[in-house]
Amino acid sequence: MWRVAIFGCLLAGSQLSGQTELTYIRDGGEWIESGVTELPLRGASRVRVEGLGRMSVRTGSSRNVQLRVRRRVTAEDEATARRLLAAPAAHAGYAANQLSISSTGGFSGAEIELLVPAGVRHAEIVNTWGDVLARDLALDLTVYGGGGRVEADQIRGAAWIRSAGGRVRLGTLTGHVQVTTGSGAVYASALHGTAVLETGAGEIFVERAGADLRAATGGGNVRVLRAAGAVHAKTLGGVIRVDEAGGGVWADNGGGATLVGSARGVHCESASGSIRVAGVLGQILASTGVGSIVAELTGSNGAPQSVLATSDGDITVMIPSNLAVTVQALNELGRLGTIVTEFPEIRVQTAWATKRTVAAGALNGGGPLLKVAAANGTIFLKRQR
């Protein structure tokens, strides 16, 4: 690998172009060193930058990679600041098809800005500690963050983001997205490709997903406003809410409410928490250990059967008058006669010896099977108004 020091040892004989003069500006008791270096790609299609402090990357207007570095140091005068900052701010090197830049600064308040030309196909950012900001890039992006927030917007390619901890905010991204953070919230505005969003602790909020979405948190809410594909959501404790999904919704909740507004099939499981589904076309599978279930049926969509079950709570099912469905309901361990139906076709019977109440009937000639099972609560079979 051919390497060169940037700033500090400077670039004499390095064959690099366009270095500006270093400038020093006093800021209270500190001095700020600023400089810009241009690095030719030399056929490289990948750029990797590693450092410590605030780092940003975006598309530049030059044919070369532009590196802008700002460093701070506490010093009485400019001469002292220059001496303290004599060590190189970064090193650059070429190997195979990659240009690698490594920051050796470590000074408080260090800032690195990378401007990449159109020839770059992949940018990799490695930040030991500090914020990472990436925007307006027509390439694939990889970010490794040690801590601090990560923001990415207008990325016309795939993005892989891994952080030890910190908030992740995504704007508009066109390719596949995969985010993993040890802790911190994940926010996304417009994801056009498939996406996997994971955090050890923190909420996940997605405004729009253009394809299948997976969102999982160790503790916190999961909220999806609109997804064109399927949604897989998981939390160990919090609210799961999916307002609209073009595909099916799978929700796994360790403790908290689950709400699905519209989907093509739903599979909800909760250890403890209420479940509400509405506008679902297709199969509904919903179960909770403790909590109520409310389901508004729309249509079967060829689903063989749907199942609603709670071990402790009420179940309310709202059925359209014209829906062809066969209903089987069971209520046990609760008060006698705790199945209430608005359909005369569904007959309720009580087994006094076993303290079980059952109901069954075919609506509109019968159709896919709907099974409802509850305990310590009431089952309501209502006509959808």
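The values are calculated or read from the model by the stated rules, or taken from the named source; none is laboratory data. Being a predicted model, the structure only gives us computed values, none of them experimental. Cβ atoms come from the backbone with ideal geometry, glycine included; neighbour counts cover every protein chain shown.
If you check Ile315 against the conditions, is it in contact (Cβ under 8 Å) with a residue 24 or more places away in the chain, closer than 16 Å to Cys268 by Cα and in contact with a strand residue (DSSP E or B) (Cβ under 8 Å, 6 or more places away or on another chain)? The answer is yes for Ile315. Checking Arg241, Arg223 one by one, the residue that is within 30 Å of Asp136 (Cα to Cα) and of a type in the set (Lys, Arg) is Arg223 and no other. Among the residues here, Trp160 does not qualify as among the aromatic types (Phe, Trp, Tyr) and in a loop (DSSP other than H, G, I, E, B).
Answer yes or no: is there a residue in region 337-358 that is in contact (Cβ under 8 Å) with a residue 12 or more places away in the chain and within 36 Å of the chain's Cα centre (by Cα). No, that holds for no residue.
Within region 313-332, does at least one residue satisfy the condition of being modelled with pLDDT under 95, among the polar types (S, T, N, Q) and either farther than 16 Å from Val372 by Cα or within 29 Å of the chain's Cα centre (by Cα) (or both)? Yes, region 313-332 contains at least one residue that is modelled with pLDDT under 95, among the polar types (S, T, N, Q) and either farther than 16 Å from Val372 by Cα or within 29 Å of the chain's Cα centre (by Cα) (or both). Checking Ser189, Ser262 one by one, the residue that is surrounded by fewer than 17 Cβ atoms within 10 Å (Cβ to Cβ), touching an Asp or Glu at 6+ places or on another chain (Cβ under 6 Å) and without any contact (Cβ under 8 Å) to a residue 60 or more places away in the chain is Ser189 and no other. The selection criterion, being outside any strand (DSSP E or B), within 18 Å of Asn253 (Cβ to Cβ), in contact (Cβ under 8 Å) with a residue 24 or more places away in the chain and touching a Gly at 6+ places or on another chain (Cβ under 9 Å), holds for Gly238. Restricting to region 184-200, give me the number of residues that are within 14 Å of Val150 (Cβ to Cβ) and hydroxyl-bearing (Ser, Thr, Tyr). Of the residues in region 184-200, 2 are within 14 Å of Val150 (Cβ to Cβ) and hydroxyl-bearing (Ser, Thr, Tyr). When you check Asn322 against the structure, is it polar (S, T, N, Q) and not in a strand (DSSP E or B), yes or no? It is true that Asn322 is polar (S, T, N, Q) and not in a strand (DSSP E or B).
Taking (1) modelled with pLDDT under 95; (2) over 19 Å from Val65 (Cβ atoms) in turn, Thr180 satisfies each apart from (1). Taking the numbered list (1) buried (at least 17 other Cβ atoms within 10 Å of the Cβ); (2) in contact (Cβ under 8 Å) with a residue 60 or more places away in the chain in turn, Asp136 passes all entries but (1). When region 201-217 is filtered for residues that are part of a loop (DSSP other than H, G, I, E, B) and either in contact (Cβ under 8 Å) with a residue 24 or more places away in the chain or aromatic (Phe, Trp, Tyr) (or both), the ones remaining, listed by number, are Gly202, Glu203, Asp212.
One line per residue, one yes/no per condition, for (1) buried (at least 17 other Cβ atoms within 10 Å of the Cβ); (2) not hydrophobic (A, V, I, L, M, F, W, C):
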residue: Val179; (1), (2): yes, no
residue: Val196; (1), (2): no, no
residue: Thr199; (1), (2): yes, yes
residue: Gly220; (1), (2): yes, yes
residue: Val231; (1), (2): yes, no
residue: Arg241; (1), (2): yes, yes
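All but one of (1) outside any strand (DSSP E or B); (2) aromatic (Phe, Trp, Tyr); (3) closer than 24 Å to His192 by Cα hold for Trp129, so report the exception by its number. Exception for Trp129: condition (3).
Scanning region 89-121 for residues that are of a type in the set (A, V, I, L, M, F, W, C), at pLDDT 95 or above and not in a strand (DSSP E or B) returns a single hit, Val120. When Val196, Val231, Val179, Val224 are checked against the criterion of being under 21 Å from Asn253 (Cβ atoms) and more than 11 Å from the chain's Cα centre (by Cα), a single residue qualifies: Val231.
Note on region 18-74: among residues that are crowded, with 16+ Cβ neighbours inside 10 Å and among the basic types (Lys, Arg), the one that is farthest from Asp131 (Cα to Cα) is Arg46.
The strands (runs of 3 or more DSSP E) falling completely within region 252-319 that include 2 or more residues that are closer than 25 Å to Gly220 by Cβ and among the aliphatic types (A, V, I, L, M) map to 258-260, 275-281, 284-288, 293-299. Would you mind telling me which numbered condition in (1) surrounded by fewer than 17 Cβ atoms within 10 Å (Cβ to Cβ); (2) touching a strand residue (DSSP E or B) at 6+ places or on another chain (Cβ under 6 Å); (3) of a type outside the set (Phe, Trp, Tyr) Leu114 fails? Going through (1) surrounded by fewer than 17 Cβ atoms within 10 Å (Cβ to Cβ); (2) touching a strand residue (DSSP E or B) at 6+ places or on another chain (Cβ under 6 Å); (3) of a type outside the set (Phe, Trp, Tyr) one by one, Leu114 breaks only (1).
Strands (runs of 3 or more DSSP E) fully within region 24-71 that include at least 1 residues being closer than 15 Å to Ala92 by Cα and modelled with pLDDT under 95: 30-39, 46-51.
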